[in-house]
Amino acid sequence: MSPALAEKNKLMHIILGGTFDPVHFGHLRMTQEMLNRFPQGKVSLMPAAYPPHRPEPGASAQQRIEMLELVLSKYPQLTIDSRELNRTEPSYSVVTLREIRQELKDAGKADTCLVFLMGTDAFAKLNQWYQWQELISLTNILVVGRPSSELPSDGEMAEFYQKHAIDSLDHLPHYSHGKVGFCQMPQLDISSTYIREQINQGFSPRFLLPDGILDYMNQYGLYGLNRKS
């Protein structure tokens, strides 16, 4: 039996990272899909401060936190983990997951099922991440199918997936780390990049994100918006 095998139906800690620049319905629907599938879980949204694989966010760290707080305050199973915003160096996921694992160990919860969410596009490039091989010793990885991309079919990441693939997502809560799963879910094909592009082209992003977030963006003139948008 794998040493990563943990107690059935225990609490799961699911992490959704990203810039949340801005947070939108695609992010929020993904968290709900996770809670629907794993009702014993809690989901942490973890905004990155200086993501090494993408441009610097258009909104400040404080503004991105405030936008998340606007939509998460009513949902106790959703929390904000702002640790990466407190760093001055790039937001390396392996560093964050080491911290979380140590915190769980110190709290007597070393066998907690940790799940790191990522899209298929991010997973296909995971071998470009800093010390990526260590991730699987710290967490499970759940790859979420996006409408516009698929799992890699060959190469290093395809081999990695096959090596660590779990036979059924129903078994994922049993493992503290070490497994990779795939979840194809009904998903809104929305991205923060697309929202910013719409604004840049002079189009309104309404109905792509909560009204409260759009109001906030207008209030502070984020992404080139003004009060008339």
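The values are calculated or read from the model by the stated rules, or taken from the named source; none is laboratory data. Worth saying up front: this structure is predicted, and the values here are computed from it rather than measured. We place every Cβ from the backbone using ideal geometry, glycine too, and count neighbours over all the protein chains shown. Surface accessibility is based on the protein's heavy atoms, side chains included, excluding ligands, DNA and RNA. Shrake-Rupley method; radii C 1.70, N 1.55, O 1.52, S 1.80 Å.
Of note:
- Hits in the range 68-85 (condition: open to solvent by 50 Å² or more (accessible area, probe 1.4 Å), part of a helix (DSSP H, G or I) and either touching a residue at least 40 places away in the same chain (Cβ under 8 Å) or in contact with a helix residue (DSSP H, G or I) (Cβ under 9 Å, 6 or more places away or on another chain) (or both)): Leu70
- Subset of the range 123-154 [open to solvent by less than 30 Å² (accessible area, probe 1.4 Å) and aliphatic (A, V, I, L, M)]: Leu126, Leu135, Ile136, Leu138, Ile141, Leu142, Val143, Val144
- One residue stands out among those in the range 20-50 that are assigned to a strand (DSSP E or B) and not hydrophobic (A, V, I, L, M, F, W, C): the one that is most open to solvent (accessible area, probe 1.4 Å), which is Lys42.
- The one condition from (1) assigned to a helix (DSSP H, G or I); (2) surrounded by 13 or more Cβ atoms within 10 Å (Cβ to Cβ) that Phe116 does not meet is (1).
- Long-range neighbours under 6 Å by Cβ, at least six apart or interchain, first residue among the aliphatic types (A, V, I, L, M) within the range 56-67, second part of a helix (DSSP H, G or I): Ala59/Leu222; Ala61/Leu85; Met67/Ile213; Met67/Tyr216
- Residue identified as outside any helix (DSSP H, G or I) and more than 21 Å from Pro55 (Cα to Cα) among Asp189, Asp215, Asp170, Asp154: Asp154
- The conditions of being without any contact (Cβ under 8 Å) to a residue 12 or more places away in the chain and either at negative phi or touching a strand residue (DSSP E or B) at 6+ places or on another chain (Cβ under 6 Å) (or both) are not met by Ala165.
- Screening the range 192-208 for residues that are assigned to a loop (DSSP other than H, G, I, E, B) and either touching a Ser or Thr at 6+ places or on another chain (Cβ under 9 Å) or open to solvent by 60 Å² or more (accessible area, probe 1.4 Å) (or both) and picking the one that is nearest to Gln32 (Cα to Cα) gives Phe207.
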